[in-house]
Amino acid sequence: MSFNPANILTYSRLVLAPFFIWFFIAEYHSWAFFTFGVAAFTDLIDGTVARLSGTLSKRGAMFDPLADKILVQSCFVLLLINGLIPWWFFALAFARDLMIVSGIIYLEVKKAKLPYRAIWFSKFATIFQLSVAILGLLIWWSPWSSQAMLKVVQWQWISLVVAVVLIAVSGFQYVLMGLHILSERRAASNAS
């Protein structure tokens with residue numbers, strides 16, 4: 001394991017995810033919310049830290065999306081079980097993540113050269129998925145009056161709709177990127 005500042009942030013997300021799950025199941029609302037919030041914050045800054053510190057690595061590029069998916073999907077499962085997100089949203093987000101992970105594994109097996117960078121639509125999709133999760137956790141916790149919580153529910157639905165569009169667009173872009181990588185690899189092997 002490489003312990004540079006960016007990778008430490010990524011690994012911390014992997015460590016925090018089980019604590020978040022336990023706090024949620026034990027109904028420690030504030031602890032679950034703040035643990036998820038800290039883990040989500042590490043997701044937002046680890047790439048920037050890697051670029052600024054000059055510590056971009058293949059290992060970090062592989063573990064970062066894995067840590068994101070474990071954190072976000074575990075939160076979505078818990079929110080789904082509690083009726084705080086619709087099943088179709090969970091299915092769409094899960095299917096896209098499964099497609100990305102499966103695609104990476106397939107391209108690795110084929111020894112294709114992978115760029116190991118997220119596309120912009122995917123970065124924005126992650127931000128809006130984190131928003132859906134955080135707002136869902138606030139609804140689950142209900143720390144404010146019902147009037148304020150109504151606004152939180154409205155913001156969650158807005159975030160959810162934007163996330164759906166970004167998930168669909170980024171998923172399509174990843175498919176195109178994967179097909180392009182495979183065609184380049186095929187052309188290179190035919191030329192040699």
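Total residues in the stretch 135-148 satisfying the condition of being at pLDDT below 90 and assigned to a helix (DSSP H, G or I): the figure is 3.
State whether one or more residues within the stretch 15-33 are modelled with pLDDT of 80 or more, in a helix (DSSP H, G or I), under 19 Å from Ile127 (Cβ atoms) and under 13 Å from the mean Cα position of the chain (by Cα).
yes
Residues in the stretch 1-42 that are closer than 13 Å to Leu78 by Cα and either surrounded by fewer than 13 Cβ atoms within 10 Å (Cβ to Cβ) or not aliphatic (A, V, I, L, M) (or both): Pro18, Phe20, Trp22, Phe23, Phe24, Ile25, Ala26, Glu27, His29, Phe33, Phe36. Within the group Val101, Val109, Val49, which residue is surrounded by fewer than 20 Cβ atoms within 10 Å (Cβ to Cβ), touching a residue at least 40 places away in the same chain (Cβ under 8 Å) and of a type in the set (Val, Ile, Thr)? Testing whether each residue is surrounded by fewer than 20 Cβ atoms within 10 Å (Cβ to Cβ), touching a residue at least 40 places away in the same chain (Cβ under 8 Å) and of a type in the set (Val, Ile, Thr) leaves just Val49.
Being surrounded by 13 or more Cβ atoms within 10 Å (Cβ to Cβ), modelled with pLDDT under 95 and in a helix (DSSP H, G or I) is a condition met by no residue of the stretch 79-87. Of all the residues in the stretch 71-116, those that are within 14 Å of Leu182 (Cβ to Cβ) and either acidic (Asp, Glu) or touching a strand residue (DSSP E or B) at 6+ places or on another chain (Cβ under 6 Å) (or both) number 1.
The values are calculated or read from the model by the stated rules, or taken from the named source; none is laboratory data. Not measured: the values here are computed from a predicted model. No Cβ is skipped: glycine too gets one built from the backbone with ideal geometry, and neighbour counts run over all protein chains shown.
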